[in-house]
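Accompanying notes for the structure given below.
The values are calculated or read from the model by the stated rules, or taken from the named source; none is laboratory data. No experiment lies behind these values; they were computed from the predicted model shown. Cβ placement follows ideal geometry from the backbone for every residue including glycine, while neighbour counts extend to all protein chains displayed.
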Amino acid sequence: MNRLAVELPGLSLKNPVIPASGCFGFGREFAEYYDLSRLGSIMIKAATDEARVGNPTPRVAETPGGMLNAIGLQNPGVDKIIEHELPFLEQYDLPIIANVAGKTLDEYVTVAKKISKAPNVKALEINISCPNVKEGGIAFGTDANVAAELTKAIKEVSSVPVYIKLSPNVTNVVEIAKAVESAGADGITMINTLLGMRFDMKTGKPILANGTGGLSGPAIKPVALRMIHDVYKAVNIPIIGMGGIETAEDVLEFFYAGASAVAVGTANFINPYACVDIIDRLPEVLDKYGFEKLSDATGFAHK
Amino acid sequence: MRKVQNMTIVSQRSIAKNIYEIVLSGDLVQGMFQAGQFVNIKINEVAYPLLRRPISICEINQTLNQFTMIYRAEGEGTKLLSQKKSGEQVNILGPLGTGFDIDEIQQDETVILVGGGIGVPPMYEMAKRLHAKGNKVIAVLGFASSCDVFYEEEFKVYAEVHIATMDGSQGFKGNVVQLINEKNLTFDWIYGCGPKVMLEAIERQFGQTKKGYLSFEERMACGIGACYACVCQRNDGKMARVCKEGPVFKLGEVLL
C-alpha cells in the first residue's frame, strides 16, 4: 500500500505534494535538481492567451517570515506552453495541473479549452485570485456571482476537472467557495497570496514597482489553515491546500484542516529540494501521529 | 550530488567600510568553473531572513576546496552574515547563473576589467584567469571614497590597477568611465560589474565599438530561474532572468 497516495477528481497522485503555480516555472529549472517524477503533480505557471512580459522590477520584497511578489503573470502564452513546455514534462510520470488566467471571461475560456486538451494535463486550476495584474485575476475571485459565472463557462469547455483557486483577500471566502461548487467546480485550491505592501524607508515609496504584491511564505500559514478549515465544513468538493507549507508536519496540519492534497510554493525558493524533502519525511510523520495512510487525515480537525 | 550544502567558514574579516571578505570550504567548490557566477546563501536556519542572499563569487580555489566572497553588510541578512565566525556553517546553494565567457579572447588582446564598489569582487577571479591565459589585464576599480577601497594590492598581482574615487580621496577623482577616458586606456575587451549607472555609462561609451560583457544585479527570490522576480529586458524585446541567463550578459544585449 502506498500510504501517501491520494485520489482527487482527475488526479490519482502517488503523493499529495504539488509545487504551487508560479513557484516552479514549468519544471525545467527544478529538473536540474531532482527527478520530477517524484512529485505528486505540478501546478505549472499561469497561462494566458497572449504572451505577457509581467510587471516592472523590483518584483519581490522580503517580509518577516514571508515575501511579497508582484511578478504579474509573465508567461509565453498558452500556445507556446502547449508547444514547448508541456511536451517537456511528458517525459515524467506526472499528471499536470494547468493554471489558467485571463483579463476577460473569454480569455479564461479560450485558454482553458486549449490547455485542457494537452495529453498530460489532468486538471485545471483557475486563477481567479492573482492580486498582481490590473485586469482579470482577483477581479473574478472577489464576487461570488462573477466567480460562479466564470466557473460555469469554463466547465462547459474544459476536457478535464476544474479546480478554482480562491483568494484570501475577501470578506467571506466560504461564500465564494459555495458559489463555485454550485457552478460545477470539481475542487478548490486555496489560498492564493495575501495583498500587502512594503515601503523604502529612505524614499517613502513602495519597494515593489507594482506598489502592492502578494504575501506568501510561513507567515500566511495560519490564515490558510483557518480558511481551509471553514471551507471544508461548507463544501463537498476536495480542497488542495497551500499557504506557507515548509515541512511534512505542515502537510499533515493542512490535511487536518481539510485538505486532500497540498501545494508547496515559497519553500521551493529557499530550498530547491523542499518538495522531495517533504515527501521523504511524510511516512515518518504519519507514524508519529498514528495515521496508517495520509488520506485518513483529511478533516481530522473536524472529527 | 546536492547543489545545496552547509559550508564551513574558514575565515571572515572586514576589509573596508562595511565590506567583508569570507572564505568558505566545502565540496560545492568542485562545481565552480566560471568567474562571474554567484551563490545563494541561507544565513540562518530560522524563517528570518526567509530568503537566501545572492552573493557573487570572488575567488575559486579548487585545490583547497575553498571559495571567497566579498560582500557589503547593508541589509539585515548580510549584517547577520558578517557576525558569523570561522568554524560556523552557512547553507550555500550554487554555483548559480551564467558567468563571464573568456574563451573568445585571443592571447594578444588586452582586457579591461571595470568594477564599481561591490561589483569589484567577481573581477578578481577574472583577473586571475586572464593573467593565467597570458592576456594583458587592466583593472579599473571605482569606489565612493578611500575608506571603501579594497583588494588594490590583490589585483596588482594579476593586473595593471587604476583606482577611482568619487570624492578624489584616493587615486583618480571621478567615475571609472571618466578614468578610462582621461588616461586614454586602450583595450580590446571590456568586462564590467557594478551599479546600473556605471553599466549604462560603459554601454553608452563602448557599446558600439568594443566587445565585452556586463554583470547585472536585481532583487532575487529563488536564484535558480523559477520565480521570474529578477528579470530584465533584452534589446530584442525578450525577457531574460538575471539569475539564470545572467547575471552576465553580452555588451549591448540588455536594454538599459
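Candidates B:Thr78, B:Thr63: the one that is closer than 27 Å to A:Ala219 by Cα and among the hydroxyl-bearing types (Ser, Thr, Tyr) is B:Thr78. For B:Val176, the criteria (1) out of contact with any strand residue (DSSP E or B) (no Cβ under 6 Å at 6 or more places or on another chain); (2) buried (at least 21 other Cβ atoms within 10 Å of the Cβ); (3) farther than 29 Å from A:Ile44 by Cα; (4) among the hydrophobic types (A, V, I, L, M, F, W, C) hold in every case but one, which is (1). For segment B:217-242, the tally of residues that are in contact with a Pro (Cβ under 7 Å, 6 or more places away or on another chain) and crowded, with 21+ Cβ neighbours inside 10 Å stands at 3.
Scanning segment A:96-145 for residues that are in a loop (DSSP other than H, G, I, E, B), of a type in the set (Asp, Glu) and in contact with a Ser or Thr (Cβ under 9 Å, 6 or more places away or on another chain) yields one hit, A:Glu135.
Residue check: is A:Pro222 touching a residue at least 24 places away in the same chain (Cβ under 8 Å) and within 14 Å of chain B (Cβ to nearest Cβ)? No; evaluated as a whole, the condition is false for this residue. The criterion of at least 2 residues that are under 17 Å from the mean Cα position of the chain (by Cα) is met, among helices (runs of 4 or more DSSP H) falling completely within segment B:152-207, by B:152-156, B:196-206.
Which of (1) at positive phi; (2) in contact with a Lys or Arg (Cβ under 8 Å, 6 or more places away or on another chain) is the odd one out, the single condition A:Leu208 does not satisfy? That leaves (1) as the condition not met. Applying the set (1) surrounded by fewer than 19 Cβ atoms within 10 Å (Cβ to Cβ); (2) modelled with pLDDT under 95 to A:Thr57 leaves exactly one unmet item: (1). Evaluation of B:Asn91 against the conditions (1) in contact with a helix residue (DSSP H, G or I) (Cβ under 8 Å, 6 or more places away or on another chain); (2) part of a strand (DSSP E or B) shows that the sole unmet condition is (1).
Number of residues in segment A:245-297 that are crowded, with 19+ Cβ neighbours inside 10 Å, polar (S, T, N, Q) and under 19 Å from A:Ile228 (Cβ atoms): the value is 2.
Please find, within segment B:42-60, the residue that is surrounded by the most Cβ atoms within 10 Å (Cβ to Cβ) out of those that are part of a strand (DSSP E or B) and touching a helix residue (DSSP H, G or I) at 6+ places or on another chain (Cβ under 7 Å).
If we filter segment B:42-60 for residues that are part of a strand (DSSP E or B), which is where we start, we get B:42, B:53-56, B:59-60.
Okay, now just the ones that are also touching a helix residue (DSSP H, G or I) at 6+ places or on another chain (Cβ under 7 Å), so B:42, B:53, B:56, B:59-60.
On the way: B:Lys42: 20, B:Arg53: 22, B:Ser56: 26, B:Glu59: 21, B:Ile60: 22.
Only one residue tops the list, namely B:Ser56.
Filtering segment A:70-78 for residues that are out of contact with any Lys or Arg (no Cβ under 8 Å at 6 or more places or on another chain), more than 8 Å from every other protein chain (Cβ to nearest Cβ), at pLDDT 95 or above and surrounded by fewer than 16 Cβ atoms within 10 Å (Cβ to Cβ) leaves an empty set.
Please pick out the residue among A:Val160, A:Val133, A:Val180, A:Val173 that is surrounded by 22 or more Cβ atoms within 10 Å (Cβ to Cβ), within 14 Å of chain B (Cβ to nearest Cβ) and either modelled with pLDDT of 95 or more or under 21 Å from A:Gly72 (Cβ atoms) (or both). Outline the logic, then answer.
Details: A:Val160 fails: within 14 Å of chain B (Cβ to nearest Cβ); A:Val180 fails: within 14 Å of chain B (Cβ to nearest Cβ); A:Val173 fails: within 14 Å of chain B (Cβ to nearest Cβ).
Being surrounded by 22 or more Cβ atoms within 10 Å (Cβ to Cβ), within 14 Å of chain B (Cβ to nearest Cβ) and either modelled with pLDDT of 95 or more or under 21 Å from A:Gly72 (Cβ atoms) (or both) holds for just one of A:Val160, A:Val133, A:Val180, A:Val173, which is A:Val133.
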